[in-house]
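Participant: Right, I'll just put the structure down here and ask away after.
We did not get these values from a lab; they are worked out from the coordinates using the rules stated. Predicted, not measured: the structure shown is a model, and the values here were computed from it. Methodologically, a virtual Cβ is constructed for each residue, glycine included, from the backbone with ideal geometry; neighbour enumeration extends over all protein chains shown.
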Amino acid sequence: MEQFVRTTGVAAPILRNNIDTDQIAPGLFAANTPKEKHAESLFRNLRFLPGDVPNPDFVLNRAPWDKAEILVVGENFGCGSSREAAAKALRAFGIRAVLAPSFGGILFNNCFRNGIVPVVLPHEVIDRLAEDANRASDGARITVDLENLTVTDHAGQSYPFTAPEQQRTMLLHGLDEIDFTLGMRGELEAFWQRDQKSRPWVYPQAQ
C-alpha cells in the first residue's frame, strides 16, 4: 500500500453535502476501469459536459485547483454504495487527503486502503478552509500531517484530528492488511504454541 506521512498541497473546495460514490466515480465509467483510466472517471458527470467537453464551471477544471492534492468537501462525503473505484479515482487524480465534517463509512475505510487520508473536522473549520481555498487565486496550500494528526492552513493555524490507530499505522508505514498481520507473526506463533498445549484436539495434524 502507498505510504502517507504528511503532504502539503493545493486545496480544492467542493462544499456539497451527500456526494455519493456514484457521483465520485459514476458506475458507467467505474465498472471494469483499468488503473490508468481511474482519474478520468473522477466526478465524470460534474467535470464534463455532453460530448466529453470539460465543464469550465467545475472547480477541478480550473487552475490552480486542477492540480489539487486536497479536497475540502461537505458532510457525508462518499455515502452510498461500497464502490472502491471512488477512492481509486480520487487517488489517481492526485488527491492525498479529503477534509469533511463526516464521511460515508465504507469510503472512509477505502481511502486509507488507497493512500488517502480522510480527515473529519468541525463544520466551522471546513467552512473556513473552503473559503480560503476558494479565495486564493494561486491556490491555498494546506498541510495534512498524519504522523502528528494535524491540519495546518496557509496562515499557519493548526487543527487537530483523529484517525483509527490501525489504519493510521498501516498508512504511515505503507502496509496493507496482510503486511500488518504478518508484522505480528511472533505474537501469533506464541499464541498458537500456547493454544496447542491447552487445546491439542484442535490441532490433530500436530499429534
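Participant: Using the count of nearby Cβ atoms within 10 Å as a rough guide to exposure, how do Trp65, Trp201, Trp192 rank from fewest to most?
Facilitator: Trp201, Trp192, Trp65
Participant: Work out the FRET efficiency for Glu124 and Ala155 from their Cβ-Cβ distance, taking R0 = 22 Å, and round it to the nearest 0.05.
Facilitator: Here the calculated transfer efficiency is 0.90.
Participant: Quick one: Cα centre-to-centre distance for region 100-142 and region 34-95, in angstrom?
Facilitator: The two parts, judged by their Cα centres, are 14 Å apart.
Participant: What full-extension length gain, to one decimal in nm, is calculated for Leu28 and Asp57 as 0.36 nm per residue of separation minus the Cα-Cα distance?
Facilitator: 8.2 nm
Participant: Just name one of Ser102, Ala11, Val202: the one whose Cα is farthest towards the positive end of the charge dipole of the chain (beta-carbon charges, Lys/Arg +1, Asp/Glu -1).
Facilitator: Final value for the positive-end residue is Val202.
Participant: If you don't mind, another one. Please label the shape of region 13-133 as rounded, prolate or oblate, based on the square roots a ≥ b ≥ c of the eigenvalues of the alpha-carbon gyration tensor (a/c under 1.5 means rounded; beyond that, a/b larger than b/c means prolate, else oblate).
Facilitator: Oblate.
Participant: Taking the Cα centre of the chain as origin, work out the dipole magnitude from +1 charges on Lys and Arg Cβ and -1 charges on Asp and Glu Cβ, in debye rounded to 20.
Facilitator: So the dipole magnitude of the chain works out to roughly 360 debye.
Participant: Given the chain, what percent of its DSSP beta bridges are antiparallel, to the nearest 5?
Facilitator: Given both bridge residues lie in the chain, the antiparallel proportion sits at roughly 50 percent.
Participant: Further, regarding this structure: Residue farthest toward the positive end of the dipole of region 23-159, with Cβ of Lys/Arg at +1 and Asp/Glu at -1: which of Phe43, Gly27, Val125?
Facilitator: Gly27
Participant: Out of these labelled values of Rg and Dmax of the Cα atoms in Å, (i) 17.5, 63; (ii) 20.3, 72; (iii) 15.5, 43, which was calculated from the coordinates shown here?
Facilitator: (ii)
Participant: If I take R0 = 41 Å and measure r between the Cβ atoms of Ser198 and Thr162 in this structure, what FRET efficiency does the formula 1/(1 + (r/R0)^6) give, to the nearest 0.05?
Facilitator: E between Ser198 and Thr162, to the nearest 0.05, is 0.60.
Participant: Using helices alone, I'd like the mean residue ellipticity at 222 nm for the chain: each DSSP H run of four-plus residues gives -39500 (n - 2.57), total over residue count, nearest 500.
Facilitator: -10000 deg cm²/dmol
Participant: Length gain on complete extension for the stretch Asn134 to Glu2, per 0.36 nm per residue less the alpha carbon to alpha carbon distance?
Facilitator: 44.6 nm
Participant: Then there's this: Using a 10 Å cut-off around each Cβ, can you sort Cys79, Cys111 from fewest to most neighbouring Cβ atoms?
Facilitator: Listing Cys79, Cys111 from fewest to most nearby Cβ atoms yields Cys79, Cys111.
Participant: Follow-up. Would you mind putting 159-167, 17-25 in packing order, based on average other-beta-carbon counts within 10 Å, highest first?
Facilitator: 17-25, 159-167
Participant: Which value in nm describes the separation of the simple spin-label points at Leu172 and Lys37, placed 7 Å from the Cα toward the beta carbon?
Facilitator: 3.9
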